[in-house]
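Here's the structure we're looking at; comments come further down.
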Amino acid sequence: MKKLFTLLTLLLTLGGATSAWGEATTIYSMTNVTGPTTNVESKTTVDIVATFVGGSAQAYNGKSSSAALADKSGNIKLSGSSDSYFHAILTGTETIAEGDIITCASGTLKVSATSTKGSSVTFPYTVPSGSPLIGQKDVYLWKDGANSFTSFTITRPGADDVANPVITQSGSSVTITCSTDGATIYYTTDGSEPTSSSTAYSDAITIDNPCTVRAIAIKGENASSLMLKDCYVSHASAKVVLGYSGGSVSGDVWTSTDGNYILTDNVADRGINAATLAATNDAFKLNHTDTYTLKISNNIKVTKIVVVGKSWLKGSAGNASTLAFDGFTPASGSFFDFVDETYVNTIEFTPESELGYGASIIMRPSTNQLGAYIEIYGEEYASSVTTYDTPVTWDFTSWSDATITGVTGDGTNWYTNEKSDNSGVDMTGNIGRTNIGSLSNNSLSYSGTNIAETDGLKFSSDAYGLALLFNLQELSGMSPDGGYHSGKYIWLYNTNTKIKIENVTKGSIIEIGLEPHKKNDARGLTLTNSTQTQGDAKPNAYQVCKWTVTADGDVTITPTKGLHIYYITLTKANEAVSITPAKATTTYVTTKALDFSAVEGLKAYAATTASASAVTLTEVGAVPAGTPLVLIGTASTEYTVPVAASASAPAANLLVAGDGTTEIGGDSKYDYVLSSGVFHRANAGTVAVGKAYLHLDSAPAARELTISFGDATVISAIAKSQEPNANGYYNLAGQRVAQPTKGLYIKDGKKVIIK
């Protein structure tokens, strides 16, 4: 928590180094873990050798397999296929209180007050009102995936400090609370850091799209730390993962049709197979009772799992197969008890705590054979990179210490050798790591934490299909002096390894530093929706290549053979929409937020008021998506309108967007459609999508309304058959026009449009 000396300081340096901390008290701290690797066997505990303030600790493995708890690098490691936890014990007089702040050098862990698994939290974690931790001297940190951390601290705010806001989401509703009386919460949802000028929180926020909510609490000159939460929106349908055409098997990996989930056999070569459940319906077979891992490979929060299947034990009724998911509670009901060839049963599982993006779900069958298909229901988190500044660079030559430590410590997802078939190149230490499992549109992560250097990119590959190189020069004979541009890069092994950049605008530039893995074999990249504009198609040495994106959409990067990528830079083109009005005066509904203020030759207007005979149009600039407008320009001319960075709806607008179905007109409706520069009263009909109509609450005197610009001048349409009188026409700059063509002019003190 931070104390800011003045409100001006708050506005200028919120989150900066110049602010001062309040008198907070550390009631528990664990750092400097020492000692060799220790394996905790079944149902045993081991003391942690570390430096403690106000406490001690033990590590415990509560089930059947060992879990490495302390290693020589000073990491606490919560690993193994079964559950393990770290037990922090306060040894002084203090107990946990509301508002205490728990910090841990890990992305997420499950936190509870007893040796029963709790809910996943993101650190720093503020203990909320009603928490079972309050009044306790014990905190249990359960593994959430494969986790490791080097420090764990519990801090009590000082009297002058403002407690950190707590952000929670339930469905589409997000609430923010602060335990400090009299504190005001300020928040943003657009990615910017909140200040006292941001929106003040009063009621629950409704989330319509994935986003990151950021909040800070302020009281007087004091401010809390900045807190944030990735929020999500519900998917409309289930994710069909396995069986009944719900995916495909390759080796011992089953991948869902949408690429969001991957099921892997935890014991290699033992078996996941396609099978026939009945007639033409495909199912899956689990050929042994060992565990399987269901990997969430996209930005999904799992809300339930539904399993449909039947027993493959065909001896007699009563030989039931069962299936369990660690951390999930099954609904009541029987499992796949064999009755006949067509019998299937459905059972639903709900998570005991929040299962976030990147988590792994352990599945345990009870028999050697089980056939089923699985649906996974989820909610979509905010993607960390969905739009891009100009430019954005993914740099693979400057790996952070956190990434190196996290990847090298995650033996579940990263392999210690250069390749699975090249054990002679031992990648011990911090040289690099290879992916273990297959990837399908994945974000790269370690122990459930995104790798920052690759955040925003999606990867697909075979198992052992790519490697992250951290310090290759440590390997004899393979240093940069031996021919490589550098010892730090991403290595793509073959054409099955791909990198995807999502939501790229046409005209954007992609620059990549690359080299072939073998100097005697020129190799390059192919990019979808793109044309190469710089560099060789297949360089035989390090080269910087560029591509221009030729269509809006995702860009997939694929190597022609194995090669190294050192960096990727995306310079996004200014996004724009092309508009070609069929008539000089027409209606239009924006599909995106657009800025008309600097478009030469085209003006956009809202209909702000209506009199007995005319409609007043007011020019607008940047407007949000879905805004109905009147456009005035030159017919059949293509205009490029930039997408607006920010926009606000017109203060008043009598125009309504058509939807192709709504009935307009009739005696009880006062609806008007635009034709030849005049609004005509509609008797009946509908207005097409993308077009607009004028709706009035009461009927004006006239059935035709001319257009006014609020300056007592009136636009009247001049038909093509009416030749204009050249002696009376002036342009809007007041210059006389001898031979007027199509456009907007002044005649007899009035504005007119010539079509």
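The values are calculated or read from the model by the stated rules, or taken from the named source; none is laboratory data. Just so you know, these numbers come straight off a predicted model, no measurement behind them. In this analysis, Cβ positions are derived from the backbone assuming ideal geometry, glycine residues included, and neighbour counts consider all displayed protein chains. These area figures cover heavy atoms from the full protein model, side chains too; ligands, DNA and RNA do not enter into them. Shrake-Rupley method; radii C 1.70, N 1.55, O 1.52, S 1.80 Å.
Yes/no per residue for (1) of a type in the set (D, E); (2) modelled with pLDDT of 70 or more:
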| residue | (1), (2) |
| --- | --- |
| F679 | no, yes |
| T713 | no, no |
| Y729 | no, no |
| L732 | no, no |
| D748 | yes, no |
Determine which single condition G243 fails, assuming it passes every other condition in (1) touching an Asp or Glu at 6+ places or on another chain (Cβ under 7 Å); (2) modelled with pLDDT of 85 or more. (2)
Given the conditions (1) of a type in the set (A, V, I, L, M, F, W, C); (2) surrounded by fewer than 21 Cβ atoms within 10 Å (Cβ to Cβ); (3) at pLDDT 75 or above, every one holds for V385 apart from (3)
Given (1) modelled with pLDDT of 90 or more; (2) within 16 Å of S708 (Cα to Cα), identify the lone condition not met by P650. (2)
Go through the range 32-75 and give me each residue that's modelled with pLDDT of 75 or more, among the β-branched types (V, I, T) and either open to solvent by less than 60 Å² (accessible area, probe 1.4 Å) or under 36 Å from the mean Cα position of the chain (by Cα) (or both). V33, V40, T44, V46, I48
Being more than 17 Å from G690 (Cβ to Cβ) and aliphatic (A, V, I, L, M) is the filter; apply it to the range 644-655 and report the residue that is nearest to the chain's Cα centre (by Cα). A645
I499 fails exactly one of the following numbered conditions: (1) of a type in the set (A, V, I, L, M, F, W, C); (2) in contact (Cβ under 8 Å) with a residue 60 or more places away in the chain; (3) surrounded by fewer than 16 Cβ atoms within 10 Å (Cβ to Cβ). What is the number of that condition? (3)
Quick check, is N441 open to solvent by 50 Å² or more (accessible area, probe 1.4 Å), part of a strand (DSSP E or B) and at pLDDT below 90? no
Breaking point among (1) in a loop (DSSP other than H, G, I, E, B); (2) at pLDDT below 80, for P128: (2)
Against the condition part of a loop (DSSP other than H, G, I, E, B), at pLDDT 65 or above, surrounded by 18 or more Cβ atoms within 10 Å (Cβ to Cβ) and of a type in the set (A, V, I, L, M), how does V687 come out, does it pass? yes
Heads up, the strands (runs of 3 or more DSSP E) in the range 509-620 (entirely inside) with at least 2 residues that are modelled with pLDDT under 85 and surrounded by fewer than 21 Cβ atoms within 10 Å (Cβ to Cβ) are 576-579
I'm trying to understand the selection: among the residues of the range 111-135, which are over 19 Å from I216 (Cβ atoms), open to solvent by 20 Å² or more (accessible area, probe 1.4 Å) and touching a residue at least 40 places away in the same chain (Cβ under 8 Å)? S115, K117, S119, S120, S129, G135
Taking the range 187-204 and keeping only residues that are farther than 20 Å from A647 by Cα and outside any loop (DSSP other than H, G, I, E, B), one is left with A200
Specify the residue that is farthest from G74 (Cα to Cα); the eligible residues are those in the range 37-55 that are outside any strand (DSSP E or B) and of a type in the set (S, T, Y). S42
Given the options N540, N529, name the one that is over 22 Å from G507 (Cα atoms) and polar (S, T, N, Q). N540
Answer yes or no: is there a residue in the range 449-466 that is at pLDDT below 90, polar (S, T, N, Q) and assigned to a loop (DSSP other than H, G, I, E, B). no
Regarding G666, is this residue open to solvent by less than 40 Å² (accessible area, probe 1.4 Å), modelled with pLDDT under 90, of a type outside the set (F, W, Y) and under 33 Å from the mean Cα position of the chain (by Cα)? no
